[in-house]
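The values are calculated or read from the model by the stated rules, or taken from the named source; none is laboratory data. Note that the structure is predicted; figures quoted are calculated from it, not measured. Cβ sites come from the backbone with ideal geometry, for glycine too, and all protein chains shown count toward neighbours. Areas reflect the complete protein model, heavy atoms only, side chains present, ligands, DNA and RNA absent. Shrake-Rupley method; radii C 1.70, N 1.55, O 1.52, S 1.80 Å.
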Amino acid sequence: MRDFDEFKHSITQPIRIKDLIIQGSDFLIKNNILNGRNEVNWYFQHILECDQGKLFHISNTIIDDCSYAQILTFLKERSKKIPFQQIIGKAPFYGRDFLVNCDVLIPRPESEIIISILENKKCEKLLDIGTGSGCLAITAALEEMAEFVDLVDNSKKALKVAKKNIDTFKVIKANLYKLDILTEIPQMQYDIVISNPPYISRDEYNNLDYEVKNFEPQQSLTDNRDGYIFYERYANILKSILKKKGIAVFEISHLFSKQKLITIFNQFSSIKFHKDLNGDRRAISIIND
């Protein structure tokens, strides 16, 4: 590990962009950010509003004072393991950048499987339980899978982030409201119900990477038990919130027991498991037949 103040004082100014990329990358790598070089490149592209080709073209340019200060701030924060997406305030999901902060889970590529499962669906109403940043419901709306989308979460702070994303993407037919799905039941029925619930068990949570465990909301990651609590709740209320022939799609842990999930959803005969690009079970879909 390298001390930030020591690193800062080692830089000779003025400095070219490419030299700061090299030194900044080395600093992050020595602080166990193994993807440090890419992240420094991405951050430069972010603040200079350019792509990799343009960055290469201007790499011999002396960095201006404002950008220099921004880069140093980034390096200091990232060396503390603050997630890259939280530092820049956005994360990609299904080809779009969503606003994120420490109040919501950072969207993961694995969660795109929910959208992929539904990509040929067209319906009137969709419910996203535990919406967080809103990336799932908003993507479903933008991909015209549902005419109306309801986004629910038990966190007011998360709903504020989702509202900003709704406004950013100009999703008109979207409704947000606070709801604790473990104690409350939505009052409508939906054609589609989706969720990426907290499915990490308490034991798994204790072994998570430092930057996930310390900078993303705990309640979005773990149920503080065995990871199955939300699925058991969904099984109990699904028939009351999902229309006949409607479909529910939930992200699941690849560590889950397939048989246990089948037992949890034993009221339903149409259950299917879906694998991600790594070949791991990543989602379960259920039709209310």
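Within the assembled protein chains, the solvent-accessible surface assigned to Lys54 is about 100 Å², based on a 1.4 Å probe. Rounded to the nearest 20 debye, the dipole magnitude of the chain is 440 debye, with +1 charges on Lys and Arg beta carbons, -1 on Asp and Glu beta carbons, and the Cα centre as origin.
The residues Tyr231, Tyr199, sorted by heavy-atom accessible surface at 1.4 Å with ligands and nucleic acids left out, run Tyr199, Tyr231 from largest to smallest. A 1.4 Å probe run over the protein chains yields, for the chain, 51 Å² of accessible area per residue, whole-number rounding.
The H on the amide N of Cys123, modeled in the peptide plane, is under 5 Å from the matching H of Ala146, Glu147, each at least 5 residues off or on a different chain. A 1.4 Å probe, protein heavy atoms only, puts the accessible area of Asp65 near 120 Å². Summing charges over neighbours of His274, with a neighbour being any other residue whose Cβ is under 9 Å away from its Cβ, gives +3 when K and R count +1 and D and E count -1. Counting Lys and Arg as +1 and Asp and Glu as -1 over every other residue whose Cβ lies under 12 Å from the Cβ of Asn224, the net charge comes to -2.
Find how many whole Å separate the alpha carbon centroid of the range 213-287 from the alpha carbon centroid of the range 156-199. The two parts, judged by their Cα centres, are 17 Å apart. Going by amide H atoms built from the backbone, whose H comes under 5 Å of the H on Gly227, apart from near neighbours? For Gly227, whose amide H was placed from the backbone, the distant partners under 5 Å are Arg202. Cross-link partners of Lys275 among lysines, defined as those whose alpha carbon lies under 16 angstrom from its own and excluding same-chain residues fewer than eight positions apart: Lys258. For the range 134-289, the residue among Ala137, Tyr190, Ile264 whose Cα projects farthest onto the positive side of the dipole built from Cβ charges is Tyr190. Across the range 164-173, rounded Karplus estimates of 3J(HN,Hα) from the backbone phi angles (6.51 cos²θ - 1.76 cosθ + 1.60, θ = phi - 60°) give 4, 6, 4, 5, 4, 8, 6, 7, 7, 8 Hz, Gly and Pro being marked x. Take every DSSP beta bridge whose two residues both sit in the chain; close to 45 percent of them are antiparallel. Ranking Met188, Met1, Met145 by solvent-accessible area of protein heavy atoms (1.4 Å probe, all protein chains present), from largest to smallest, gives Met1, Met188, Met145. Residue order by solvent-accessible surface for Phe148, Phe56 is Phe56, Phe148, largest first, with ligands and nucleic acids left out and a 1.4 Å probe. When the listed pairs Lys156/Lys239; Lys76/Lys157; Lys90/Lys157; Lys121/Lys244 are checked against a 19 Å cut-off, the alpha-carbon distance exceeds it for Lys156/Lys239; Lys76/Lys157. For the range 1-80, the relative contact order works out to 37 percent when only alpha carbon pairs closer than 8 Å and six or more residues apart are counted.
Nonpolar atom fraction for the range 163-210, defined as the carbon and sulfur part of the 1.4 Å probe accessible area, stands at 49 percent. Cross-link partners of Lys260 among lysines, defined as those whose alpha carbon lies under 16 angstrom from its own and excluding same-chain residues fewer than eight positions apart: Lys272. The aspartates and glutamates within cross-link reach of Lys80, meaning a Cα-to-Cα straight distance under 17 Å and a gap of 8 or more places when in the same chain, are Asp3, Asp5, Glu6, Asp26, Glu39, Asp209, Glu211, Glu216. Summary value for the range 1-148: 16 percent relative contact order, contacts being C-alpha pairs under 8 angstrom separated by 6+ residues. Working from Cα pairs under 8 Å separated by at least six residues, relative contact order for the chain is 13 percent.
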